[in-house]
Structure formats: structure tokens, C-alpha cells
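Engineer: One structure, pasted below without further comment.
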Amino acid sequence: MRWGEVPFPKEHGGWAIFLIPLLIGTAAGGKFTGSTVLFVFAALFAFTARAPLVSMVLGVPAGKSPEVWRRNLWIWFLTYSGMSLLFLFPLLALYQRPLLLLIGGAGLSFLPFHLRAVRERRDRALSNQLLAAVGLTLTAPGAYYVATGVLDSRALILWILNAAFFGSEVCYVQMRVQSLRLRRPILRGTACTAFAAILAGVFVLSLFSFLPPAFLLPFVPSPLKALWSALKSSRRFQIKRLGWLGVAHAMGFVGLCLLSWSLVY
């Protein structure tokens, strides 16, 4: 197996959903220590361990020996998993963070659904991408717990904020794609309904005082971006432009989220 064939996550969106909540959770925890470094590497190798499994589900490429191909993928899977456990062990034994097993188990529970979607060629379906957003954003409460040693309502709020934001971003991209493919207004369809439901859910949680009102601030740009896209609709789908817009919006979310966090806590 050449280096170019090494199984490694190549989805840029997946990396963003994995790393940005981790950054927010660490910043919200207020500490960057050795335990944070251990968690970053444990989570990183756990994330990359998914890639060999996805390759197995997709099947053997033409011209490859099935036995050799599967053996190499298992070697990479065990290597990634072993490295993740290697960095996880000190967090459990030395830093006394046993609830990481709960967070990791929650994240692992999403994997069978993802692999099934990959096998059925539905990995780009809205439902699968929303599940991925919910699972990958567990790095936010995980990083917060590692930094503070406490898994409380604040950790849950971090998860909700990140899952809601990246879930809405997944919906927005699908809205743009469906609008072009089906030649219809962007503010229509299943993705638009899910987008509105996510933002409405955040508002309802704030209305019933589960989320402090300040946490509505990071979500203000989302409906504005959707409305702007509806007014500036184009028949040309510029994927690079959409990608850079997503990066800028994500960075803005980080800033607004941490600003809101500082105002509340």
C-alpha cells in the first residue's frame, strides 16, 4: 500500500466539524494543559480510525488483491485505534477523567449508522450528515470536561450549540445544492425545513431558559446568510466560494460563541 493509499479522512467538512468544537470546548474550559494535548491526540486517532472501516465498506478497488487490501486496512485500523487508546489511558488513569468513556461511547454509537449509509451510497444524504454533525461535535463537551474535570450542563450547552450550528451548516449546503439541481428557490425543500427547525429549536431552548439568551448571538448570521443566498440566487454553483464562505462563517461562529460564553459565565 503506497502512501497515497493510506486510509485517512479526506472530507474537509468533517475535519471542520471535528476540530472547531474541540477548539471551542478547550477555550470554554479556560485551560490548556497536558491533559488537553492527550485528548487532542486521542480524539484525532479515534477520528482517523473511521477511514479504514469506510474503505472496507466501499469494497476492494479494481486491480487490488482482496486479501492484501483488507489486511492492510485492518492494520491501519488497529494502529489508529491503538494510538487513540494509548493517549486515552493517561487521561483515565492519571487525570481521572472516566466520563470520557461515556463521551467516546456516545460518539461510537453513531458509527454503525454512518457505515450503513456508506454501504448504501447514502453518505451524502441529509440525515447521515446531520447524524455526523451530532456525533463529531462531541469533541466540544469532551474538551471542556478534560479541561475542567466537570461534565455538567455547561458541557451539554457546548454540545447543543456546536451540533446546532454545524447541523444548520449542513442544511444550508444541501439547500444550495438542491436549489441548483432541482431549479427551485433555495428556501424550499427538506433541507430548508430542517434548517428552520434547528434554528427554531435553539430559540425555543432559549425561550424556556435552558439556553441563556446570549447564546442566540452566534446563530444570528445563519438566517441572514440564507436570506442573502435567496436574494442573490445564481444558477452557477461555485463550490470554492461556498467553501470559503463556510470557513468565514465558522470562524465568526467561534468568535461569537466564545463572546457569548464570556458574557454568561
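The values are calculated or read from the model by the stated rules, or taken from the named source; none is laboratory data. Worth saying up front: this structure is predicted, and the values here are computed from it rather than measured. Heads up, the Cβs are rebuilt from the backbone with ideal geometry, glycines too, and the neighbour counts pull from every protein chain shown.
Engineer: Take the range 156-169 and flag every residue that is without any contact (Cβ under 8 Å) to a residue 60 or more places away in the chain and within 16 Å of L227 (Cα to Cα).
Structural biologist: Listed by number, the list holds a single entry, S168.
Engineer: Can you tell me which of I75, I17 is part of a helix (DSSP H, G or I) and under 19 Å from the mean Cα position of the chain (by Cα)?
Structural biologist: Selected residue: I17, the only one of I75, I17 that is part of a helix (DSSP H, G or I) and under 19 Å from the mean Cα position of the chain (by Cα).
Engineer: Residues that are of a type in the set (K, R), in contact (Cβ under 8 Å) with a residue 60 or more places away in the chain and in a helix (DSSP H, G or I): does the range 114-124 have at least one?
Structural biologist: yes
Engineer: I'm told T79 meets every condition in (1) farther than 25 Å from F166 by Cα; (2) surrounded by 17 or more Cβ atoms within 10 Å (Cβ to Cβ) except one. Can you identify the failing condition by its number?
Structural biologist: It is condition (2) that T79 fails.
Engineer: I'm checking my understanding of the structure. Among residues of the range 130-147 that are over 14 Å from L22 (Cα atoms) and in contact (Cβ under 8 Å) with a residue 60 or more places away in the chain, which one is surrounded by the most Cβ atoms within 10 Å (Cβ to Cβ)?
Structural biologist: Residues of the range 130-147 that are over 14 Å from L22 (Cα atoms), as a first pass: 130-132.
Checking the rest, the ones that are also in contact (Cβ under 8 Å) with a residue 60 or more places away in the chain come to 130, 132.
Numbers: L130: 20, A132: 24.
Going through the qualifying residues, I end up with A132.
Engineer: While we're on this one: State the number of residues belonging to the range 203-258 that are more than 19 Å from the chain's Cα centre (by Cα) and at pLDDT below 85.
Structural biologist: 13
Engineer: Here is a follow-up. Inspect the range 199-220 for any residue being crowded, with 18+ Cβ neighbours inside 10 Å and small (G, A, S) and give the result as yes or no.
Structural biologist: The answer is no, given that none of the residues of the range 199-220 is crowded, with 18+ Cβ neighbours inside 10 Å and small (G, A, S).
Engineer: Taking the condition charged (D, E, K, R), at pLDDT 95 or above and not assigned by TED's automatic domain parsing to the domain that holds A248, does R70 pass?
Structural biologist: Against the criterion (charged (D, E, K, R), at pLDDT 95 or above and not assigned by TED's automatic domain parsing to the domain that holds A248), R70 does not qualify.
Engineer: Another question about this same structure. Among L187, L227, L242, which is the only one that is within 22 Å of L130 (Cα to Cα) and not in a helix (DSSP H, G or I)?
Structural biologist: L187 is the lone residue from the list that is within 22 Å of L130 (Cα to Cα) and not in a helix (DSSP H, G or I).
Engineer: Looking at L211, L187, L182, can you tell me which residue is out of contact with any helix residue (DSSP H, G or I) (no Cβ under 6 Å at 6 or more places or on another chain), hydrophobic (A, V, I, L, M, F, W, C) and free of Cβ contacts under 8 Å to residues at least 60 places away in the same chain?
Structural biologist: L182
Engineer: Within the range 55-72, how many residues turn out to be surrounded by 12 or more Cβ atoms within 10 Å (Cβ to Cβ), of a type in the set (A, V, I, L, M) and part of a helix (DSSP H, G or I)?
Structural biologist: Residues flagged as surrounded by 12 or more Cβ atoms within 10 Å (Cβ to Cβ), of a type in the set (A, V, I, L, M) and part of a helix (DSSP H, G or I) within the range 55-72 amount to 3.
Engineer: Any idea how many residues of the range 93-107 are out of contact with any Gly (no Cβ under 6 Å at 6 or more places or on another chain) and either surrounded by 15 or more Cβ atoms within 10 Å (Cβ to Cβ) or within 19 Å of G135 (Cβ to Cβ) (or both)?
Structural biologist: 9
Engineer: I need a count of the residues in the range 19-44 that are surrounded by fewer than 18 Cβ atoms within 10 Å (Cβ to Cβ) and closer than 10 Å to T139 by Cβ.
Structural biologist: Number of matching residues: 2.
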